[in-house]
Amino acid sequence: METNRQHDDSTSIPTSTTPNGNSHLLSKNAYKLAEEKAIDDWLPITSSRNAKWWYSAFHNVTAMVGAGVLSLPYAMAALGWGPGVVVLIISWIITLYTLWQMVEMHEMVPGKRFDRYHELGQYAFGEKLGLYIVVPQQLIVEVSVSIVYMVTGGQSLKKFHETVCGSCTHIKTTYFIIIFASVHFVLSHLPNFNSISGVSLAAAGIQPGVEYGYPASSRAGTVFDFFTALGDVAFAYAGHNVVLEIQATIPSTPEKPSKKPMWKGVLVAYFVVSLCYFPVALIGYRMFGNKVQDNILLSLEKPAWLIAAANMFVVIHVIGSYQIYAMPVFDMIETVLVKKLHFKPSFILRFISRNIYVDVHHIWPSFDDIITYWRAKKHHTASERL
């Protein structure tokens, strides 16, 4: 018995062919299973399961090392040398351990893979309650982080423009955000995680008079800055909410479960993370002390070529980071459209839904309070009021 299926973005009705050449519809249950499989083969998270361990490394580095690393020296200024170093090390250890737990839970039920975060939540809390608990939180994180990256990319483009062309006409940040968003109108149509592996790969001196005391002038302000800095460090170690989706792209058999290559990629990713986070946090704080800005690149004044290059590297990296965080959201949107609203899986459906998502992202950041809320950009002013 053979199953006839189209090999494009559309999903055909499964049929079976008997030896004498007569075709007939499969039984209701078999048809439903075949239809669900066809949809899963179209959705971005489960459409490709041929990833290698180094794909896991690329994606995890891209998911974790994002805009948050630029604020680590600023967090160190609020924490101080001793507590700052301790918090960085403990955060690295705790997040590595919890990520290992996620990798192990991906296939903890024999014969089943939890390809999406909400599927694990549904197993733990029930079909409906699991969705209500997990999906809102995951969406808040992924959508908001995507907005942060959209703004960060626009700001870095602006800084690059101002550095290489200081005499040029001033251009508002909003226009640079639109320029940054235009890249994603193209990249967002890559069908799955494996297709953006190349994007993930591409994304992967002491000043005089420096002081290391707490920047706030009051005890209340110091306490406020301290807890805000803990939030900055936690934001820098983000990335867990896409771990299951990344592991879903790796092939798995009882003899060779996906957790082995996934964990190998995670270890490589965390080694890269340590090479990025600790030098930036410690050297950045040592160079600028408590005068360091919330984005370390804004504290750099010379040489111009280095500042321009650094900002362009940030742009390249957050392009990949945006795609990593957007892919699970694309999967949720397309799942609802196809499974709940019964739209036919097609390129047009994907083209329209993803363009709307990216379009909303480049409009929303025009409101300055979005980035202020998520990165606590102006929390120093608030601390002074205390």
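A few points about this structure:
- The set of residues from segment 59-114 being outside any helix (DSSP H, G or I), out of contact with any helix residue (DSSP H, G or I) (no Cβ under 6 Å at 6 or more places or on another chain) and not aliphatic (A, V, I, L, M) comprises G80, E107, P110, G111, K112, R113.
- K128 vs. criteria basic (K, R) and assigned to a helix (DSSP H, G or I): yes
- Checked against (1) part of a helix (DSSP H, G or I); (2) among the hydroxyl-bearing types (S, T, Y); (3) surrounded by fewer than 16 Cβ atoms within 10 Å (Cβ to Cβ), Y149 passes all but condition (3).
- Residue that is under 29 Å from P257 (Cβ atoms) and surrounded by fewer than 21 Cβ atoms within 10 Å (Cβ to Cβ), where the choices are W81, W92: W92
- Some residue of segment 121-128 being under 22 Å from the mean Cα position of the chain (by Cα), surrounded by 13 or more Cβ atoms within 10 Å (Cβ to Cβ) and modelled with pLDDT of 75 or more: yes
- In segment 350-370 there is at least one residue that is at pLDDT below 85 and polar (S, T, N, Q).
- Restricting segment 229-261 to residues that are among the β-branched types (V, I, T) and under 20 Å from the mean Cα position of the chain (by Cα) leaves a set whose member that is farthest from V143 (Cα to Cα) is I250.
- Residue check for L275: crowded, with 17+ Cβ neighbours inside 10 Å, of a type outside the set (D, E) and either under 24 Å from the mean Cα position of the chain (by Cα) or not in a loop (DSSP other than H, G, I, E, B) (or both): no
- Residue list for segment 229-260, restricted to those being polar (S, T, N, Q), surrounded by 21 or more Cβ atoms within 10 Å (Cβ to Cβ) and either in a helix (DSSP H, G or I) or on the phi > 0 side of the Ramachandran plot (or both): Q247
The values are calculated or read from the model by the stated rules, or taken from the named source; none is laboratory data. Just so it is clear, the structure is predicted and the values come from calculations on it, not from any experiment. As a convention, Cβ positions derive from the backbone with ideal geometry for all residues, glycine included, and neighbour counts pool all protein chains shown.
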